[in-house]
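Below you'll find the structure, written out as structure tokens, and then a few comments.
The values are calculated or read from the model by the stated rules, or taken from the named source; none is laboratory data. Here the structure is a predicted model, which means the values were calculated and not measured. Heads up, the Cβs are rebuilt from the backbone with ideal geometry, glycines too, and the neighbour counts pull from every protein chain shown.
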Amino acid sequence: MPTTEKITLHVLPPSHPCMTAKAALEHKGLEYDLVALDFAGFGDRMEEIYGPGNRTVPGLVFGDEPIHGSAAILERLEQLVPENPLYPEPIAGMVREAELWAEGDLQDSGRCLTWGAIHFRPEALGTFSGGGNLDPAGTDYAMKLIHATWKYHRITAVRIAEDLQRLPGMVARIEGFADQGLIDGDTPTAADLQIGATIRVMLSVGDLLPVFEGTAAERVARRFFPDYDVSIPAGALPAGWVVTEVPAAG
Ligand SMILES: N[C@@H](CCC(=O)N[C@@H](CS)C(=O)NCC(=O)O)C(=O)O
């Protein structure tokens, strides 16, 4: 073990940036305590630990240093433990750029499309916490939670349709990262861990499988995140909304 500091990672279990942070700790060979927060009130708890405004997961406490957000965690872990680099030279700068795109735009789409699809199959929300499909009472509760989440993240049907239009272009961009050697190599880079986690979450939406089939995006997601049991069956998203071809520019 390359450090004697105590490490604690705060997560919500199905969250994709939390999967990224976990995979980075494991790649660095670090032992850590995993604290899975309750969905109700986790933002307040995060703010108590990580400071005002820092309400999202993941967060990591390294010794007595709080580090908030997946990109900050990966960057700091690299400084603290340079072994098994996540930003290998000479491509470190390009990897960071690809990572930050994935941590922003791609990650948001992952949130919009999974919470978007689950609206149409609310009983499948049980799989988000490691169980099976919900019973009718659980489904009533799930519908309220999904509705609140749509409101909070400003998800609308129009936004889902727009993100579905943009998705093949994002998959093509990821293919480009693989061609440049920034992802999909022998060992994971920070870009693999950000991209892979979001795509792994998107692969839980059965309707999206044809968009990813045979792509570098699918390869890194399945390789670096083999265990993920969330499942929203195909047929959830309205027929005809999923786009599989990269739309023409302009
Ligand atoms: N880009 C940030 C964002 C993290 C983020 O938004 N996490 C979600 C869970 S996937 C969250 O905590 N959402 C609650 C909120 O937005 O208040 C990161 O990668 O750390």
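In the condition set (1) surrounded by 15 or more Cβ atoms within 10 Å (Cβ to Cβ); (2) modelled with pLDDT of 95 or more, residue 136 is compliant with all but (1).
Annotation: residue 91 fulfils all but one of (1) of a type in the set (A, V, I, L, M, F, W, C); (2) more than 21 Å from the chain's Cα centre (by Cα); (3) at pLDDT below 95; the unmet one is (3). Criterion applied to 176, 131 was being closer than 22 Å to residue 95 by Cα and more than 18 Å from the chain's Cα centre (by Cα), and the one residue passing it is 176. Checking the stated criteria, residue 60 turns out not to satisfy the condition of being over 12 Å from residue 194 (Cα atoms), assigned to a helix (DSSP H, G or I) and not polar (S, T, N, Q). When residues in the range 216-237 are screened for being modelled with pLDDT of 95 or more, more than 17 Å from residue 110 (Cα to Cα) and in a loop (DSSP other than H, G, I, E, B), 1 of them pass. If you scan the range 1-22, which residues turn out to be hydrophobic (A, V, I, L, M, F, W, C) and either within 13 Å of the ligand (Cβ to nearest atom) or touching a Ser or Thr at 6+ places or on another chain (Cβ under 6 Å) (or both)? Answer for the range 1-22, where residues must be hydrophobic (A, V, I, L, M, F, W, C) and either within 13 Å of the ligand (Cβ to nearest atom) or touching a Ser or Thr at 6+ places or on another chain (Cβ under 6 Å) (or both): 9, 11, 12, 18, 19, 21. Just one of the listed residues (64, 44) is more than 21 Å from residue 182 (Cβ to Cβ) and within 16 Å of the ligand (Cβ to nearest atom), and it is 44.
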